[in-house]
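Novice: Following this message is one structure expressed as structure tokens.
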Amino acid sequence: MDKKWLIPPGLNAEEVRAIQSLSAELKVPELVAELIYRRGLHNMQDIREFFNPDLTHLTDPFLFEDMEVAVKRILKAVENEELITIYGDYDVDGTTATALLYLGLKRIGAYIDFYIPHRMIDGYGLSLGSLDQLAENGSKLIISVDCGVNALEEINAITNMGMEIIITDHHNPKAELPTALAIINPKIPGCKFPFPHLAGVGVAYKLLMAVYHTLGIDNAENVLKYMDLVAVGTIADIVPLIGENRIFASIGLQHLIEMKNLGLNALIQLCGLNQRTLDTTDIVFGIAPRINAAGRMGSAALAVELLISTDETHSMELAEMIERDNSLRQQEDQKTFHEACEIIEKKYKNMAQTPCMIVSSDDWHQGVIGIVASKLVEKYYRPVIMISFKDGFGSGSGRSVADFDLFSALQHTEHNLHSFGGHKYAVGLTIYQEYLDRFENELSRFVADHLQLEQIQPPMVIDHEIELYDINEFLLDSIERFAPFGPENLRPTFMTRNVSVSNYPYNVGRNHLKLKVVKDGIPLDLIGYNLGDYLTLLKKNSIINIAYTLEYNRFGNKPSIQGKLKDLQILGA
């Protein structure tokens with residue numbers, strides 16, 4: 001689908017002077033100073049903190065209103081040797097948060113266990129079916145991670161069974177909050193904690209640090225000890241990599257490079273990644289899908305066992321099991337994607353009049369529909385909900401487009417749903433089959449009324465227009481300092497007009513486009529992932545506009561600069 005290129009607005013005289021001043025003070029090109037300025041970094045203190053992430057800049061965890069209550073209850077449980085059960089979600093955020101609290105509380109002598117719901121048996125989050133097992137095991141205190149803020153019925157049941165629960169979560173709460181002992185969630189209305197974008201593992205880390213602070217053991221070693229888990233969960237959950245999340249990601253990646261966690265080390269080896277140069281892309285496309293695969297294809301408890309393993313041989317055995325799960329997941333992904341595309345092509349004849357797409361099947365694996373929904377959004381650029389039905393009851397995953405709040409849309413149609421939860425761009429739901437048609441009709445009307453037509457065209461945000469002669473190692477080294485890259489701190493996208501294709505383009509791998517362009521005698525190698533469909537439209541000497549990011553290609557003896565093509569516009573032969 002053609003993207004809408006969004007060129008940054010021009011600068012006024014005051015902004016130009018400010019950028020020139022930054023350029024002189026930082027001793028960087030004005031282009032780099034402008035990139036800094038446009039990220040909202042206008043004074044030296046903010047700039048220093050951005051480029052030098054430091055654990056001392058983390059916010060006091062006791063700004064969460066219920067934190068003191070939660071800490072006192074945990075320490076009481078430790079003192080009385082009560083069984084504490086960490087109840088986590090089955091994705092990367094949930095499993096890393098579970099491992100973090102399991103290891104961190106066990107370290108202070110807690111009698112501790114964990115429970116991860118099975119996607120096929122328990123469904124998402126706290127489930128009534130799992131509570132009997134926790135009670136039978138002797139659990140006195142449950143700490144939820146990455147789930148629980150909307151589990152009213154389940155938390156009432158926990159109280160009635162004589163157990164207590166501390167909720168740590170980061171999902172959007174509904175109007176009514178559960179009656180838990182404590183709720184630690186930065187998205188609760190009125191929360192005094194200033195950073196609302198923490199992942200579930202970030203919230204769990206705040207709880208652990210509050211416990212350590214109360215015990216007087218929040219020294220540098222303990223603050224840093226599980227930062228690799230925090231980084232992996234934060235990066236994998238695609239939360240904004242600004243503020244505290246940037247600190248977690250930056251310092252945690254360094255911790256990951258230092259090979260502290262045996263389970264993560266085993267996964268990194270199986271991925272074939274270079275431990276010395278790990279970045280957010282390696283987490284999102286290498287490590288995270290493998291951890292997720294355990295929960296998608298079987299039990300995510302396997303992922304937690306890997307992350308808490310203290311034996312190198314056992315870690316590798318668990319990692320190999322997860323690798324097999326990931327291979328099965330990839331096969332299921334491809335099959336489900338092709339089936340969903342066939343349904344869409346038959347069901348939605350006029351895409352221009354289709355505000356959103358809801359597709360369902362009795363044959364789809366619940367563990368992959370979220371991934372496939374994301375791929376469908378990428379292909380058709382509409383909000384998509386995929387539902388897997390079994391015996392008339394469906395479990396669904398939804399993904400949205402830029403600037404459309406799918407969670408809010410579900411709130412307006414929730415009378416059709418058995419349950420739902422999630423974020424602005426990613427939701428989960430359950431529904432009885434007899435309500436499906438009414439749900440689709442009402443959701444489609446809501447989306448049509450609230451999604452502007454211009455939003456249907458995917459945006460391509462351009463950070464700066466440059467010429468090929470502007471590209472050099474000094475520029476790229478300056479850009480690399482903006483890392484770790486992620487939402488709200490993406491790798492800068494550049495635009496260059498009227499470049500000429502200087503070779504015969506060709507495809508590599510799974511539909512990836514390779515070509516070389518030239519302008520003013522300066523060449524640039526480009527690779528466009530999933531842009532192979534352009535091959536039939538391009539030929540040698542074609543004139544095109546290109547939108548791309550810059551990176552080092554480290555294949556071979558000497559690193560070279562290459563462009564990662566994001567989009568192109570063909571101007572002529």
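Novice: Name the single residue, out of those in the range 379-402 being over 11 Å from Phe439 (Cβ atoms), in contact with a Leu (Cβ under 9 Å, 6 or more places away or on another chain) and without any contact (Cβ under 8 Å) to a residue 60 or more places away in the chain, that is surrounded by the fewest Cβ atoms within 10 Å (Cβ to Cβ).
Specialist: Residues of the range 379-402 over 11 Å from Phe439 (Cβ atoms): 379-384, 386, 388-393, 395, 397-402.
Going one step further and asking which of them are in contact with a Leu (Cβ under 9 Å, 6 or more places away or on another chain), we end up with 382-384, 386, 389, 395, 397-401.
Then drop every residue that is not without any contact (Cβ under 8 Å) to a residue 60 or more places away in the chain, which leaves 384, 386, 389, 397-401.
Working: Val384: 27, Met386: 28, Phe389: 19, Ser397: 24, Gly398: 28, Arg399: 24, Ser400: 26, Val401: 22.
This residue is Phe389.
Novice: On to the next question. Just to be sure, is Arg290 out of contact with any Leu (no Cβ under 8 Å at 6 or more places or on another chain) and basic (Lys, Arg)? Please lay out each step first, then the result.
Specialist: Values: out of contact with any Leu (no Cβ under 8 Å at 6 or more places or on another chain): no; basic (Lys, Arg): yes.
Judged against the criteria, Arg290 is not a match.
Novice: If you don't mind, another one. Scan Leu126, Leu141, Leu177, Leu131 and give me the residue that is part of a helix (DSSP H, G or I) and of a type outside the set (Lys, Arg).
Specialist: On the way: Leu126 fails: part of a helix (DSSP H, G or I); Leu141 fails: part of a helix (DSSP H, G or I); Leu177 fails: part of a helix (DSSP H, G or I).
Answer to the check: Leu131.
Novice: Can you work out which of the residues in the range 91-111 that are of a type outside the set (D, E, K, R) and over 28 Å from the mean Cα position of the chain (by Cα) is surrounded by the fewest Cβ atoms within 10 Å (Cβ to Cβ)? Can you show your working first?
Specialist: Restricting attention to the range 91-111, the residues satisfying the condition of being of a type outside the set (D, E, K, R) are 92, 94-105, 108-111.
This time we only want the ones that are over 28 Å from the mean Cα position of the chain (by Cα), so: 108-111.
On the way: Ile108: 16, Gly109: 10, Ala110: 23, Tyr111: 15.
Among residues in the range 91-111 that are of a type outside the set (D, E, K, R) and over 28 Å from the mean Cα position of the chain (by Cα), the one surrounded by the fewest Cβ atoms within 10 Å (Cβ to Cβ) is Gly109.
Novice: Select from the range 351-386 the residues that are assigned to a strand (DSSP E or B) and touching a Cys at 6+ places or on another chain (Cβ under 8 Å) and list them in ascending order.
Specialist: Quick first cut of the range 351-386, residues assigned to a strand (DSSP E or B) only: 357-361, 384-386.
If the condition is that a residue be assigned to a strand (DSSP E or B) and touching a Cys at 6+ places or on another chain (Cβ under 8 Å), then Val384, Ile385 are the ones that fit.
Novice: Which residues, counting only those in the range 31-57, are more than 26 Å from the chain's Cα centre (by Cα) and among the acidic types (Asp, Glu)?
Specialist: Scanning the range 31-57 gives a single hit, Glu34.
Novice: Cβ-Cβ under 8 Å, sequence separation 6+ or interchain: first residue in the range 530-543 and surrounded by 18 or more Cβ atoms within 10 Å (Cβ to Cβ), partner small (Gly, Ala, Ser) and part of a loop (DSSP other than H, G, I, E, B). Which pairs?
Specialist: As it stands, the answer is Ser542/Ala573, since those pairs meet every condition given.
Let's see how each residue does on (1) modelled with pLDDT under 95; (2) of a type outside the set (Lys, Arg); (3) within 13 Å of Ile358 (Cα to Cα); (4) surrounded by 15 or more Cβ atoms within 10 Å (Cβ to Cβ):
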residue: Gly421; (1), (2), (3), (4): yes, yes, no, yes
residue: Leu436; (1), (2), (3), (4): no, yes, yes, yes
residue: Glu440; (1), (2), (3), (4): no, yes, yes, yes
residue: Leu453; (1), (2), (3), (4): yes, yes, no, no
residue: Ile456; (1), (2), (3), (4): yes, yes, no, yes
residue: Met460; (1), (2), (3), (4): yes, yes, no, yes
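Novice: Given the condition farther than 20 Å from Gly104 by Cβ and either of a type in the set (D, E, K, R) or in the same structural domain as Ser127 (by TED's automatic domain parsing) (or both), answer yes or no: does some residue in the range 67-89 qualify?
Specialist: First, the residues of the range 67-89 that are farther than 20 Å from Gly104 by Cβ: none.
Scanning the range 67-89 turns up no residue that is farther than 20 Å from Gly104 by Cβ and either of a type in the set (D, E, K, R) or in the same structural domain as Ser127 (by TED's automatic domain parsing) (or both).
Quick grid of which residues meet (1) more than 16 Å from the chain's Cα centre (by Cα); (2) at pLDDT 95 or above:
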{"site": "Val230", "(1), (2)": "no, yes"}
{"site": "Ile238", "(1), (2)": "no, no"}
{"site": "Leu241", "(1), (2)": "no, yes"}
{"site": "Asn245", "(1), (2)": "no, yes"}
{"site": "Lys260", "(1), (2)": "yes, no"}
{"site": "Val304", "(1), (2)": "yes, yes"}
{"site": "Glu339", "(1), (2)": "yes, yes"}
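Novice: Return the residues of the range 161-175 that are in contact (Cβ under 8 Å) with a residue 24 or more places away in the chain, closer than 21 Å to Leu410 by Cβ and surrounded by fewer than 24 Cβ atoms within 10 Å (Cβ to Cβ); say none if nothing qualifies.
Specialist: Within the range 161-175, His171, Asn172, Pro173, Lys174 meet the criteria.
Novice: If you don't mind, there's one more thing I want to ask. Look through Tyr205, Tyr226 and report the one residue that is of a type outside the set (D, E, K, R), crowded, with 17+ Cβ neighbours inside 10 Å, touching a Pro at 6+ places or on another chain (Cβ under 9 Å) and at negative phi.
Specialist: Numbers: Tyr226 fails: touching a Pro at 6+ places or on another chain (Cβ under 9 Å).
The unique qualifying residue is Tyr205.
Novice: Among Leu241, Leu270, Leu253, which is outside any helix (DSSP H, G or I) and more than 22 Å from Ile166 (Cβ to Cβ)?
Specialist: Leu241
Novice: Would you mention how many residues in the range 300-353 are acidic (Asp, Glu), closer than 23 Å to Ser388 by Cα and buried (at least 21 other Cβ atoms within 10 Å of the Cβ)? Break it down into steps so the answer makes sense when it comes.
Specialist: In the first step, residues of the range 300-353 are kept if they are acidic (Asp, Glu); the result is 305, 311-312, 317, 320, 323, 325, 332-333, 339, 342, 345.
After this cut, where a residue has to be closer than 23 Å to Ser388 by Cα as well, the list is 325, 332-333, 339, 342, 345.
Narrowing the set further to residues that are buried (at least 21 other Cβ atoms within 10 Å of the Cβ) leaves 325.
So the count comes out to 1.
Novice: What residue, among those in the range 31-60 that are closer than 19 Å to Ala249 by Cβ and among the acidic types (Asp, Glu), is surrounded by the most Cβ atoms within 10 Å (Cβ to Cβ)?
Specialist: For the range 31-60, the residue satisfying everything is Glu49.
Novice: Can you find a residue that is outside the structural domain of Gly394 (by TED's automatic domain parsing), touching a strand residue (DSSP E or B) at 6+ places or on another chain (Cβ under 7 Å), without any contact (Cβ under 8 Å) to a residue 40 or more places away in the chain and part of a loop (DSSP other than H, G, I, E, B) anywhere in the range 203-225?
Specialist: The answer is no, given that none of the residues of the range 203-225 is outside the structural domain of Gly394 (by TED's automatic domain parsing), touching a strand residue (DSSP E or B) at 6+ places or on another chain (Cβ under 7 Å), without any contact (Cβ under 8 Å) to a residue 40 or more places away in the chain and part of a loop (DSSP other than H, G, I, E, B).
Novice: Please go through the range 282-328 and pick out each residue that is outside any helix (DSSP H, G or I), touching a strand residue (DSSP E or B) at 6+ places or on another chain (Cβ under 9 Å) and of a type in the set (Val, Ile, Thr). It would help to see each step written out before you state the result.
Specialist: Within the range 282-328, the subset outside any helix (DSSP H, G or I) is 298-300, 308-311.
Next, only the ones that are touching a strand residue (DSSP E or B) at 6+ places or on another chain (Cβ under 9 Å) stay: 300, 308.
Answer for the range 282-328, where residues must be outside any helix (DSSP H, G or I), touching a strand residue (DSSP E or B) at 6+ places or on another chain (Cβ under 9 Å) and of a type in the set (Val, Ile, Thr): just Ile308.
Novice: Right, another one. With respect to Gly367, is the statement that it is crowded, with 20+ Cβ neighbours inside 10 Å, under 23 Å from Ser327 (Cα atoms) and under 19 Å from the mean Cα position of the chain (by Cα) true? I'd like the intermediate steps shown before the answer.
Specialist: Numbers: crowded, with 20+ Cβ neighbours inside 10 Å: yes; under 23 Å from Ser327 (Cα atoms): yes; under 19 Å from the mean Cα position of the chain (by Cα): yes.
In short, yes.
Novice: Looking only at the range 91-101, decide whether some residue is closer than 20 Å to Pro186 by Cβ and among the polar types (S, T, N, Q). Can you show your working first?
Specialist: Kept after step one, since they are closer than 20 Å to Pro186 by Cβ, are these residues of the range 91-101: 91-94, 96-98, 100-101.
When the remaining residues are screened for being among the polar types (S, T, N, Q), the result is 96, 98.
Within the range 91-101 (the criterion being closer than 20 Å to Pro186 by Cβ and among the polar types (S, T, N, Q)), the answer is yes, since at least one residue qualifies.
The values are calculated or read from the model by the stated rules, or taken from the named source; none is laboratory data. Bear in mind that the values here come from a model prediction, so they are computed numbers and not experimental data. We place every Cβ from the backbone using ideal geometry, glycine too, and count neighbours over all the protein chains shown.
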